[in-house]
Amino acid sequence: MRKTLRWLLSLVVLIGTVSTAGAATAAQPDATGTNVVNDDAADIKDRLLAIPGMSLIEEKPYTGYRYFVLNYTQPVDHRKPSKGTFQQRITMLHKDTARPTVFFTGGYNVSTTPRRSEPAQIVDGNQISMEYRFFTPSRPAPADWSKLDIWQAASDQHRIFKALKPIYDKKWISTGGSKGGMTATYYERFYPRDMDGVVAYVAPNDVVNKEDSAYDRFFAKVGTKECRTRLNAVQREALVRREPLEKKYQEVAAAEGYTFNTIGSLDKAFEAVVLDYVWGFWQYGTLAGCDEIPADAKNATDEEIWTSVDTISGFSFYTDQGLEPYTPYFYQAGTQLGAPTIVFPHIEKKYIRYGYLPPRNFVPRDISMKFQPGAMHDVDAWVKRNANQMLFVYGQNDPWGAEPFRVGKGARDSYVFTAPGMNHGANVAGLVPDQKALATARILEWAGVASAAVQADPDKAKPLAKYDSKLDKRKVERQLRP
């Protein structure tokens, strides 16, 4: 994937809802109008905690649900379960065991604030959310980094699914955004019989790590020429003014206690932040946001250039303190996922000292790394030939969509849609009307809750749960990661 940027909408956007509800509730109509009785004869918390290896961290109330933050004991190595375990943090947004369940993965830390993914709203179901292995606190101690790979993570999901399926025995849909969308896809590749459908949002697919020209073509056309010119000019000017801006950077670093041991120097960190600038704008910015970019970079003040770059890329990110939480991501990018490399034709070579740095620069040197070029080839080929009931959603203006997943002739009931004008927060709701209706109808069908009317006419498909301003809001956080 890419070395990273920018302020990701922790596409936790797509994460779970919380709840309060009691053990059993009265009969309620399902999508077809039939009364369904909640079968929680025993308190759902007791049923969850009766699962071997499951323990409660806390329960939080939310109207209409029960929300649990849990630990689940996992093997460090699924091939050798006797070689040690660790505690993996998960959350459960419980609505009713008679409803379908959505398995959400963000690919990073799990949010413990109740959120509901778009598929969970569409199917009006339960949601289980998993913290990715090696993201604290879900990290084995000591950490054997060789056990951080996509198969081990998929096996974490498989064990969780197997543990919960006896309780939540209706249909299951897996989902996630960005690295979470990749995670949902890898899970399907290794355990294709677990889920009844997959909804992967803005999932990068860097099949050939050394060939990244698709990103260069993207940046040559995205948005408007006027907007691209503004962004390019500010990025170039920041490097032209390296000396005064680095002086300010040194002052900020001293005041905040920032250090640069992992990346190697403040100078390398400065350039890395500046080279992230244009990518960062398009990942979570909008065309309308170009109005906030300095229109005349050459005549802008140092403070205006600094502020624009810091707002979009964030000068704190490539410090030791900024990088540390994302060590697992950079390790995976440098061992299996891949990372984009882009060129900067609008900047003279004399201003670029290091170029787009590979992931090795963002992982402490005491952690060994070796790239496995076959990992993404395998997944890409599998999706093209075997995708079954999978939906990929991309944003037209999102750099990460420059290398998307594609489905081939062997795929069945699978789709790749692009939301016009949208960025890394692209979703089903942002698709053109006919694709939005089809995607919603397929998700309902995969989850087993499509009404007869929807089955007859996909245009009638709508989310079964009403919008909740707290559960369903898209929370944008300045987190520099894909």
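The values are calculated or read from the model by the stated rules, or taken from the named source; none is laboratory data. All values derive from a computational prediction rather than experimental measurement. Note that we place each Cβ from the backbone using ideal geometry, even for glycine, and neighbour counts take in every protein chain shown. These accessible areas exclude ligands, DNA and RNA; they are computed on the full protein's heavy atoms, side chains included. Shrake-Rupley method; radii C 1.70, N 1.55, O 1.52, S 1.80 Å.
Taking only the alpha-carbon atoms of the range 319-467, what semi-axes of the equivalent ellipsoid follow from 5 times the gyration tensor eigenvalues under a square root, in whole Å, largest first? Provide the component values of the computation, followed by the final result.
Values: eigenvalues 287, 71, 50 Å².
After diagonalising the Cα gyration tensor, the semi-axes are 38, 19, 16 Å.
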Debye intensity ratio in log₁₀ form over the Cα atoms of the chain, taken at each q of 0.05, 0.09, 0.10, 0.13 Å⁻¹: -0.19, -0.61, -0.75, -1.21
Just grab the label-to-label distance for LYS247 and ASP216, each label 7 Å out from Cα along the Cβ direction, in nm (one decimal). 3.6 nm
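How high is the FRET efficiency between HIS346 and ARG385 when r is their beta carbon distance and R₀ equals 35 Å, given to the nearest 0.05?
Values: r = 40 Å, r/R0 = 1.14.
About 0.30, to the nearest 0.05.
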Quick one: which residues, 5 or more positions from VAL102 or on another chain, have an amide H under 5 Å from its amide H? H modelled 1.01 Å from N in the peptide plane, none for Pro or chain starts. ASN126, GLN127, ILE128, ILE173
Using label points projected 7 Å from each Cα along Cα→Cβ, tell me how many nm separate ILE367 and ASP43, to one decimal. 4.0 nm
Starting at the first residue of the range 347-355, write each ³J(HN,Hα) from the Karplus equation 6.51 cos²θ - 1.76 cosθ + 1.60 with θ = phi - 60°, in whole Hz, x for Gly and Pro. 10, 5, 4, 5, 8, 10, 8, 10, x
Between LEU391 and residues 5 or more places away or on another chain, which pairs have amide H atoms under 5 Å apart, with H built 1.01 Å from N, and which residues are they? VAL198, VAL199, ALA200, TYR415
Roughly how many percent of the accessible protein surface of the range 266-316 is carbon and sulfur, given a 1.4 Å probe and a whole-percent answer? 49 percent
Can you give the FRET efficiency for LYS83 and ALA50, using 1/(1 + (r/R0)^6), R0 = 22 Å, r = Cβ-Cβ distance, to the nearest 0.05? 0.25
Residues of the range 80-106 with the amide nitrogen closer than 18 Å to a label point 7 Å from the Cα of GLU58, along Cα-to-Cβ, please. 88-94
I'd like the distance separating the alpha-carbon centroids of the range 170-243 and the range 370-433, in whole Å. 10 Å
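Please report the antiparallel percentage of DSSP beta bridges with both residues in the range 44-188, rounded to the nearest 5.
Details: 22 of 31 bridges.
Roughly 70 percent of the beta bridges in the range 44-188 run antiparallel, per DSSP.
Considering only protein heavy atoms and a 1.4 Å probe, what is the carbon-and-sulfur percentage of the accessible area of the range 359-398?
Values: 840 of 1850 Å².
That fraction is 45 percent.
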What are the semi-axes of the equivalent ellipsoid of the range 28-174, taken as the square roots of 5 times the eigenvalues of the Cα gyration tensor, listed largest first and rounded to whole Å? 28, 15, 14
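Send over a whole-number figure in Å² for the accessible area per residue of the chain, probe 1.4 Å. Present the calculation step by step, with values, prior to reporting the outcome.
On the way: 19080 Å² over 482 residues.
Heavy-atom accessible area per residue stands at 40 Å².
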Using the Karplus curve 6.51 cos²θ - 1.76 cosθ + 1.60 with θ = phi - 60°, work out ³J(HN,Hα) for each residue of the range 228-244 in order, rounded to whole Hz, and write x for Gly and Pro. 4, 5, 4, 4, 4, 5, 5, 4, 4, 4, 4, 6, 4, 9, 3, 4, x
First select every other residue whose beta carbon is under 12 angstrom from the beta carbon of TYR249; then total the charges, Lys and Arg +1, Asp and Glu -1. -3
For n ≥ 4 DSSP H runs only, could you compute -39500 (n - 2.57) per run for the chain, divide by its residues and tell me the 222 nm figure to the nearest 500? -9000 deg cm²/dmol
In order through the range 292-301: 3J(HN,Hα) via Karplus (6.51 cos²θ - 1.76 cosθ + 1.60), integer Hz, x for Gly, Pro: 8, 7, x, 7, 10, 4, 4, 9, 6, 6
List the residues whose amide H sits under 5 Å from the amide H of TYR65, counting only those 5 or more places along or on another chain, with H placed 1.01 Å from N in the peptide plane. THR20, ALA21
